[in-house]
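K.L.:
Here's a structure for you.
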């Protein structure tokens with residue numbers, strides 16, 4: 001958020017903080033959510049870069065489009081192992097997934 005906007009909102013009585021603070025999450029829970037978000041962004045990025053639609057990826061995985069959409073929005077209904085399987089279906093390997101986790105910026 002722009003500093004001027006933060007200042008204006010602060011004067012109006014608003015305060016800013018992280019989702020961790022707002023939801024009163026433990027450090028571990030916040031880290032888990034960050035991993036899920038990171039994997040979902042990496043998945044969408046790889047899918048788009050490979051020129052596949054959500055339906056194309058779903059067919060490749062013997063799944064359905066709505067499940068791919070849930071993965072890409074970090075829906076908690078999709079286990080992390082399924083997200084990793086989707087990434088490997090897109091050609092990602094352990095090193096690439098690890099690099100995506102290391103390179104992730106919480107401010108994105």
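K.L.:
Within a 10 angstrom radius of the beta carbon, how do 36, 47, 41, 15 rank from fewest other beta carbons to most? Don't skip to the end; give the middle numbers.
P.N.:
On the way: 36 18, 47 22, 41 15, 15 9.
Ascending number of Cβ neighbours within 10 Å: 15, 41, 36, 47.
K.L.:
On to the next question. Beyond 19 Å, how much of the Cα-Cα pair distribution for the chain remains, as a whole percent? Let's see the in-between values first.
P.N.:
Values: 3016 of 5778 pairs.
Summing the P(r) of the chain above 19 Å gives 52 percent of all pairs.
K.L.:
Let me ask another. For residue 24 and residue 7 in the same chain, what is the full-extension length gain: residue separation times 0.36 nm, less their Cα-Cα distance, in nm? Show your work: numbers first, answer last.
P.N.:
Working: separation 17, 0.36 × 17 = 6.12 nm, distance 2.40 nm.
That pair, residue 24 and residue 7, stretches by 3.7 nm at full extension.
K.L.:
At a 10 angstrom cut-off on C-beta neighbours, averaged per residue, how do the peptides 68-78, 84-94 rank from highest to lowest?
P.N.:
Packing proxy ranking, top to bottom: 68-78, 84-94.
K.L.:
Enter the angle in degrees (range 0 to 90, nearest 10) between the Cα long axis of helix 94-103 and the first principal axis of the Cα atoms of the chain, meaning the one along which they spread out most.
P.N.:
10 degrees
K.L.:
What does the helix-only formula give at 222 nm for the chain: each DSSP H stretch with n ≥ 4 adding -39500 (n - 2.57), the total divided by the residues, and the result rounded to the nearest 500 deg cm²/dmol? Walk me through the numbers before you get to the answer.
P.N.:
Working: 7 runs with 73 residues, N = 108.
When only DSSP H runs of four or more count, the value is -20000 deg cm²/dmol.
K.L.:
Please compute, for the alpha-carbon atoms of region 22-74, the extent along each of the three principal axes and give them in descending order in Å.
P.N.:
Rounded to whole Å, the extents work out to 38, 20, 16 Å.
No value in this document is a laboratory result; all are computed from the given coordinates. Only a predicted model underlies this, so the values are computations on that prediction, with no experimental measurement involved. Neighbour counts are summed over all protein chains in view; Cβ atoms, including those assigned to glycine, are modelled from backbone coordinates with ideal geometry.
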